[in-house]
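Below is one structure; the comments refer to it alone.
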Amino acid sequence: MSRLFNVAVVGATGAVGNQMLEILAERNFPIKELRLLASERSEGKLLEFKGEQLVVQKLGRDSFKNIDIALFSAGGSRSEEFCPIAAASGAVCVDNSSAWRMDPEVPLVVPEVNPADVAQYTKKGIVANPNCSTIQMMVALKPLHDYAKIKRIVVSTYQAVSGTGLSAIDELRIQSGELLNGRPVECKVYPRQIAFNCLPHIDVFLDNGYTKEEMKMVNETRKIFGDDSIRVTATTVRVPVFYSHSEAVNIETEKPLSAVKARELLAAAPGVQVVDDVAKQVYPTAIDAAGQDLTYVGRIREDESIENGLNLWVVADNLRKGAATNAVQIAELLAAKHL
Ligand code: NAP
Ligand code: 12T
């Protein structure tokens, strides 16, 4: 019989943690013990896993005894503090926050793109899960980069509120209800009204005028592709959508790449589904991608304004492929090849 693992989910009560439990069950991850961890606010709460009720425990320094794999999605400061503690007690951490992504001793992995990098987990006992917007863009661009070498990426995102967590899902729901009933809205999670609006603001603003989310797309893309020469510029926008991020992606390649060839490459790429038949009004949308694990690509067309340019529309479920599914896929790589 193959080995079973003791798995901890840190942030089990959150939007990503919830998905994590669903995906571990769906994919039948080889679990011996599943330990659910969250803040003291959730201590004693019951969560279901494969028909069983499990008690949520308070995260603490001794939470990781006998744990083989710890899946973290409880915010960057918890990851900063507790990943080293979990690693010291022998667990391998798969971290969903931005805390460790750019650490040169921590691999940043999208299993369809750079699975071999997982082996670098031995340096710190941590593997980082990229940002949700980066993950889906990498899955779609990998086959095109391998074939035609991408020189530059210009991307604009249309990001769902679920990326911010359960409180933001509530904020969009409540604001929408208030507005449809002619009542004033309250802004608690986002600085401005999100219902019926678009905010060009995700995560914090940095000194260069970009947001941190935009710079994650720049720096994480280079690290995952292992190519510091690739130029990336991003505008990340929060839209009043509950689940799935959409992205308008423009690439400039070294070699010519026709739309026909791109469609062929994408059709054969792992984790991708081409949804592209404009004559029949077929293209992917957030609603179609929600609840799915694939990255959907449509509106594939040549950029007529430059020599070797291509435009794409890329959609994926941010809580699944953008977070929990990718993390569980990393855990599967660890379980199959490394632990
Ligand atoms: P969420 O719905 O707000 O959930 C937050 C989770 O963290 C809850 O389980 C919460 O527990 C737990 N938590 C908060 N403070 C804690 C503390 N002091 N000690 C222990 N647990 C604590 O947020 P989310 O959307 O699931 O996001 C969680 C994390 O995932 C964030 O780090 C975010 O950066 C990351 N994330 C990554 C991606 C990605 O791009 N790959 C996408 C989305 C989110 P309680 O229920 O007890 O408060
Ligand atoms: N602020 O994992 O608000 O770095 O949608 C992911 C999503 C940070 C991250 C968001 C964020 C991350 C969001």
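Each value in this text was obtained by applying a stated rule to the coordinates, not by laboratory testing. Keep in mind that this is a model prediction, so the values were computed, not measured. Neighbour counts run over all protein chains shown; Cβ positions are idealised from the backbone, glycine included.
Considering region 127-168 at the alpha-carbon level, its Rg and Dmax are found to be 13.3, 42 Å.
Look at the alpha carbon pairs under 8 Å that are at least 6 residues apart: their mean separation over the length of region 41-120 gives a relative contact order of 21 percent.
May I ask for the percentage of alpha-carbon pairs in region 48-142 that lie more than 22 Å from each other? Roughly 33 percent, once rounded to a whole number. For 247, 304, 264, the sequence from fewest to most other C-beta atoms within 10 Å is 304, 264, 247. If you look at the Cα atoms of region 191-327, you get an Rg and a Dmax of 15.9, 45 Å. Our estimate of slack between residue 332 and residue 206, defined as 0.36 nm per intervening residue step minus the Cα-Cα distance, is 41.8 nm. Quarter the surface of the alpha carbon convex hull of region 80-208 and you get the mean projected area, 10.8 square nanometres. Structure note, pairs 32/321; 212/255; 149/337; 142/188: Cα-Cα distances above 28 angstrom occur for 212/255; 149/337; 142/188. Given a Förster distance of 25 Å, report the FRET efficiency between residue 41 and residue 61 from their Cβ-Cβ distance, rounded to the nearest 0.05. It comes out at approximately 0.85. The alpha-carbon positions of the chain define a convex hull whose volume is 159 Å³ per residue. Please quote Rg/Rh for region 148-234 to two decimal places, taking the Kirkwood radius as Rh and restricting both calculations to Cα atoms. Rg divided by Rh gives 1.11.
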